[in-house]
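Sharing a structure, written as structure tokens. Questions coming.
What follows is calculated from the coordinates using simple rules that are stated; it is not laboratory data. As the structure is a prediction and not an experimental result, all values here were calculated from the model. We place every Cβ from the backbone using ideal geometry, glycine too, and count neighbours over all the protein chains shown.
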């Protein structure tokens, strides 16, 4: 009995967060919240731009830091940016393909359901004809 009470106490303590853990979570109005820097804002805005705009937006910080970066580093950064854009295009293409496959799947399921119902009706109809046909054949064979 005491084991049961202890397990109930431990499970209830697990479901409720402790006061100290709640106090350590920063709130939106706390003054310790860090501001988002310009690079993070640029990254967030990229999702709303088309491909040429994305490339230009990514190159702007690159150009402003050109003094600090060597030619090799700039080329590497541009190559990586280009690779990211290609991967985004690939992801978009794959997402589109997944959606079209889902639509095709739903269409095929619907067609299968219609065909299944059609086959079921044919089987029922053939059973009706089979049950009446043997009687006619038996009667015909008895007459001869």
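Among rounded, prolate and oblate, which fits the range 73-129 when a ≥ b ≥ c are the square roots of the eigenvalues of its C-alpha gyration tensor, a/c under 1.5 means rounded, and a/b larger than b/c means prolate?
Details: a/c = 14.65, a/b = 9.49, b/c = 1.54.
Since a/c reaches 1.5 and a/b is larger than b/c, the shape of the range 73-129 is classed as prolate.
Using a 10 Å cut-off around each Cβ, can you sort 74, 97 from fewest to most neighbouring Cβ atoms? Don't jump to the answer; show the numbers that get you there.
Numbers: 74 16, 97 10.
Lowest count first: 97, 74.
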